[in-house]
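Down below is the structure, laid out as structure tokens.
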Amino acid sequence: MIAHLSGTVTERSPTRAVIDVGGVGYAAAITLSTYERLPQAGAQARLLTHTYVREDRLELFGFAEADELALFRMLIGVSGIGPNSAIAILSGMTVSELRDAILRGRPEELDRVRGIGPKTAQRIVIDLADRIRTFLPATEAPPAAAGGEPEVVEEAVLALVSLGIAATQARKAVDNAVKRQGPDQSVQALIKQALQER
């Protein structure tokens, strides 16, 4: 698998870049934000890449930043989202806009991206909500669920998910536990109560 490309930009367009690495030109599909960060042809650049391989297809997708690559990989893990749809989403929204839309449960913001319908947008929000929380930089606190300390609530949800409980069920159970027992609980007490809520 090709993890990154470092070389000379020989072509650059809003959807595609070609990087010359030791005399070999690697074409990669890119997002608009990556296009904006790429230098003009003739300059040196580095792209992080995802190698997409299928029986009839071998394609590179390039990203200027690790966050964008991570979100791309999350998106293609959602049923019904292929790499081209993921690139369209990341071209239509910034990383922070996409992250916020998923965290706040706003599928209508993804629905605005061309080619993404309401059902697909809803699936993205549901499937990625908990994965996005673990992806948040340490400086950003996720929104608290139903009151309660954000860190305690998130730890409890992640623990339930690791026990094999579906993410949406885990979140609902923890929310109910916070409402029933109050916000000042330890992670262990919250998990125990949430397991009883199911």
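Taken together, the values in this text are just the output of simple stated rules run on the coordinates, not laboratory data. Keep in mind that what you see is a predicted model, and the values were worked out from it rather than measured. Every residue, glycine as well, gets a Cβ built from its backbone with ideal geometry; the counts of neighbours run over all protein chains shown.
Quickly rank 63-69, 21-27 as a protection proxy: mean count of other C-beta atoms within 10 Å, highest first.
63-69, 21-27
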Please report the equivalent ellipsoid semi-axes of the chain, computed as sqrt(5 x eigenvalue) of the Cα gyration tensor, largest first, in whole Å. 39, 16, 15
With angles folded into 0 to 90 degrees, how steeply does helix 66-76 sit against the dominant principal axis of the chain? Use alpha carbons for both and round to 10. 70 degrees
DSSP beta bridge pairing in the chain, given as percent antiparallel to the nearest 5: 90 percent
Using only Cα atoms, find the angle between the long axis of helix 187-197 and the longest principal axis of the chain, and express it within 0 to 90 degrees, rounded to the nearest 10. 80 degrees
Along the stretch 46-52, what does the Karplus equation 6.51 cos²θ - 1.76 cosθ + 1.60 (θ = phi - 60°) give for ³J(HN,Hα), rounded to whole Hz, x for Gly and Pro? 10, 10, 7, 10, 10, 8, 9
I'd like the orientation of helix 83-92 relative to the chain: the angle between its Cα long axis and the longest Cα principal axis, in ° from 0 to 90, rounded to 10. 80 degrees
What residue among 107, 83, 14 has the largest mean-square fluctuation in a Gaussian network model of the chain, using Cα springs under 10 Å? 14
Run the reach check for residue 192 against lysines, Cα to Cα strictly under 24 Å, same-chain hits fewer than 8 apart removed. What comes back? 172, 179
Report, in deg cm²/dmol and to the nearest 500, the calculated mean residue ellipticity at 222 nm for the chain, where each DSSP H run with n ≥ 4 adds -39500 (n - 2.57) and the sum is divided by the residue count. -15000 deg cm²/dmol
